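Shown next, in structure tokens, is the structure this report addresses.
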Amino acid sequence: ASKMMTLENAVTRLEWQNPHVHIAVNRGSESWELVLAPPFRMEARGLNPEMIKVGTRVRVEGYPSTRTEHELRAERIVVGGKSFELR
């Protein structure tokens with residue numbers, strides 16, 4: 001969990017709700033759950049649900065969970081070539 005990792009692929013699921021926005025992307029044959037910031041912070045950073053629809057390609061950098069397999073706490077997301085800090 002102390003080593004940052006990057007996942008890049010198309011979004012397969014989006015849940016834009018409190019307490020945190022969640023998206024899923026595939027890494028090989030595995031589906032990863034990516035925990036983003038709360039909706040109010042996402043919007044304050046310039047992100048909205050229309051920008052991260054299912055099928056949108058994203059690059060997410062963050063730290064893997066020590067408790068849940070295939071879960072990543074996102075620190076930043078790149079959407080449409082623009083980087084957004086989430087923490």
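All of the numbers you see were taken from the coordinates with simple rules; none came from a lab. On a predicted model such as this, the values are computed, not experimentally measured, just so you know. Heads up, the Cβs are rebuilt from the backbone with ideal geometry, glycines too, and the neighbour counts pull from every protein chain shown.
Values computed for the structure shown
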| quantity | calculated |
| --- | --- |
| Net length gained if the chain between GLU75 and GLU33 were fully extended (0.36 nm per residue, minus Cα distance) | 13.7 nm |
| Relative contact order %, the chain, counting alpha carbon pairs below 8 Å whose residues are six or more apart | 31 |
| Modelled FRET efficiency - R0 25 Å, MET4 with ARG67, Cβ distances, 0.05 increments | 0.90 |
| Segment 23-68: mean projected area of Cα convex hull, nm² | 4.0 |
| Most mobile of ARG41, ARG13, ARG67 in a GNM of the chain (Cα contacts under 10 Å) | ARG67 |
| Viscosity 1.306 mPa s, 10 °C: Kirkwood-radius Stokes-Einstein D of segment 5-87 over Cα pairs, µm²/s | 128 |
| Gain on full stretching of the segment that runs from THR56 to GLU85 - 0.36 nm per residue minus C-alpha separation | 8.6 nm |
| Residue-averaged [θ]222 nm for the chain, counting only DSSP H segments that reach four residues, each worth -39500 (n - 2.57) | -1500 deg cm²/dmol |
